[in-house]
Every structure is written in structure tokens, then in C-alpha cells.
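Notes for the one structure printed next.
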Amino acid sequence: MIDTHAHLDLEDFDHDRETLFTTMRAHGITNAIIPGISETQWCKQIAIAAEFNCYYALGIHPWYVPNNIDDSLTLLERKIIEHKDNARFVALGECGLDKLKPHFPMQLELLSGQLTMSVRFHLPVILHAVKCHQQLIELLIRNPNPRGGVIHGFYGGPELAKRYIDLGYKLGIGGLLMNPNAKKLRKTITEIDIKHFLIETDSPSMTPYNALEKRNTPLHLPKFVSEIAYLQKKTTVSILERLNKNASQLFEL
Ligand SMILES: [Zn+2]
């Protein structure tokens with residue numbers, strides 16, 4: 001299985017990254033997509049993706065709005081051109097909007113520039129969306145992307161899910177599904193066709209409910225697959241096959 005969203009380049013993994021990758025692969029977690037967060041992290045991120053033969057995306061996260069958006073978008077464009085023929089480079093992101101963080105008008109400008117770029121370079125997008133769904137949906141309508149993308153860490157109900165699906169986006173399902181109080185999300189997983197989902201951990205954050213270790217890792221993925229199978233009343237094997245197919249199709253893995 002593939003963790004479609006794991007920040008394995010962050011320093012939380014510096015002391016045991018090699019052991020983690022070995023353990024992941026021993027447990028059938030064959031690969032991960034490492035999303036980009038800011039220009040200061042791209043170099044390390046790309047080096048780690050190369051060292052561990054992982055997929056990666058390049059982008060600027062809304063938590064790291066740069067001082068000069070135009071300059072940073074130019075740098076991103078150059079990086080994408082440099083990497084566009086690398087088979088492990090699979091998407092633009094992580095980009096998006098977060099109402100709980102500052103500089104919302106700048107977040108909008110930054111996202112808008114990245115959406116335009118994703119269309120120009122024929123890349124799917126990895127989107128971070130917190131309490132901003134109306135604005136995000138309006139932007140996605142204005143920037144139709146034939147390759148689509150994923151609303152990562154999706155937490156909404158079936159109605160919101162359908163709005164994104166109608167625009168050609170998949171929903172990234174992570175550790176929140178293990179929380180019995182996440183009723184909207186669990187309803188979405190129960191009711192929506194499996195073909196619209198991806199699985200992810202968002203490691204090292206978003207540690208699942210009741211996990212013993214505070215740091216999240218891709219090793220939690222098999223539990224998520226079992227839980228999705230339970231909610232969808234299907235076998236774990238069939239769910240896993242479909243989730244792998246979804247990731248391969250979206251990111252052309
Ligand atoms: Zn992320």
C-alpha cells in the first residue's frame with residue numbers, strides 16, 4: 001500500500017528514517033508521496049525522496065506563506081521545470097487554504113498561482129483545506145484541472161464530499177476516521193463509493209485516535225484500510241486493491 005501523504009522529510013524522522021522505511025516495507029507499505037511545504041524544505045525533501053525511492057510533490061503550503069509570493073512562485077516554476085521528467089515527481093502541492101492560520105488573502109493569492117501552474121504543467125494537485133471550502137470550491141471551478149487532485153485530510157460529510165467529487169477531486173482519508181466522534185467523516189466513508197478515496201497518514205501529525213506513540217507514521221495505514229473495509233462492508237483485500245488503483249490512476253504511478 002501507498003501512503004499518499006506523509007511528510008517523511010521533516011526532522012521528526014531524522015533520527016530513525018532508515019529504520020522506519022525498512023519497517024514500512026516489511027509491513028507492505030511499499031511507498032509514500034512526500035508533499036512539498038516550502039522552498040526552504042524542497043532540497044531536503046527531494047534528497048530524501050531520492051534516497052528512499054519515494055514519490056514527491058512540489059508546492060507551497062498555506063502555513064508557509066512567503067513574504068514575496070511572486071518570487072516564490074517563480075522559484076516553484078523553476079523547480080517544476082527541473083523535475084518534470086522525473087518519474088518520482090507526481091503532483092503539485094501541498095497547497096491550499098487554512099482559515100485557522102494567518103494571512104488568508106495571501107493564502108488565496110498563493111493558491112491561485114499554484115492552481116494556474118498545475119494546469120499549465122498538467123499536474124494533479126494535493127490540497128490542504130481547513131474551514132474554507134466555499135472559497136476553495138470557487139477557486140477550483142475557476143481553474144478547472146483535467147488531472148484533478150486530492151482534498152487531503154478530508155473531514156467533511158457526504159454533501160461536501162460530492163461537491164469535490166463533481167469537480168474531479170478525490171478525498172484523502174487519514175487518521176481522523178479512527179475517531180468514533182468523527183461522525184461526518186465516517187458517514188462519508190460509509191456512503192461514498194471507494195473509487196473516490198485515497199489513504200494517507202499526514203505523518204508526523206494527525207496521530208490517530210488512541211495511538212500509543214505521539215508521532216504519526218505510515219505504519220498506521222493498515223488499520224485505516226481495515227476500518228474503511230468495515231464501514232463499507234467489503235473485504236480488506238478488495239478495499240486495498242481499489243485504494244492502490246485510485247492512487248496509481250491519479251498520480252500516474
Ligand atoms: Zn500535509
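Positive-end ranking of Asn86, Leu75, Val119 along the dipole of region 1-149, with charges on Cβ about the Cα centre, is headed by Val119. Taking other C-beta atoms within 10 Å as the exposure proxy, Cys43, Cys132, Cys95 rank Cys43, Cys132, Cys95 from fewest upward.
Among Trp42, Trp63, rank each residue by its count of other Cβ atoms within 10 Å, from fewest to most, as a rough exposure measure.
Details: Trp42 20, Trp63 17.
With the sparsest Cβ surroundings first, the list reads Trp63, Trp42.
Net charge dipole, the chain: roughly 980 debye, given to the nearest 20, about the Cα centre with Cβ charges of +1 for Lys and Arg and -1 for Asp and Glu.
So for the chain, Kirkwood radius off the Cα pairs, Stokes-Einstein at 25 °C and 0.890 mPa s: how many µm² s⁻¹?
Numbers: Rh = 18.1 Å.
Estimated diffusion coefficient is 136 µm²/s.
Other residues lying with their Cβ under 11 Å from the Cβ of Ile46 contribute a combined charge of 0, Lys and Arg counting +1, Asp and Glu -1. Taking chymotrypsin sites (Phe, Trp or Tyr not before Pro) across region 191-229, the ones in a DSSP loop with at most 13 further Cβ atoms lying within 10 angstrom of their Cβ are Tyr209.
The sum of -39500 (n - 2.57) across all DSSP H runs of n ≥ 4, divided by the residue count of the chain, sets its helix-only mean residue ellipticity at 222 nm to -13500 deg cm²/dmol. With contacts taken as Cα pairs under 8 Å at a separation of at least 6 residues, region 156-253 carries a relative contact order of 27 percent.
Counting only whole DSSP H helices of the chain, there are none at least 30 Å long by C-alpha along their axis and with mean Kyte-Doolittle hydropathy no lower than 1.0. The order of Lys170, Lys162, Lys233, going from fewest to most other C-beta atoms within 10 Å of their C-beta, is Lys233, Lys162, Lys170. Cα to Cα, under 24 Å, and not fewer than 8 places away if on the same chain: which lysines meet these conditions relative to Lys223? Qualifying lysines at Cα under 24 Å: Lys170, Lys183, Lys184, Lys187, Lys195, Lys214, Lys233, Lys234, Lys245.
Values quoted throughout were computed directly from the atomic coordinates according to the rules given, and no laboratory measurement underlies them. What you see is a predicted model, and the numbers here were worked out from it, not measured in a lab. Glycine gets a Cβ as well: all are built from the backbone with ideal geometry, and neighbour counts include every protein chain shown.
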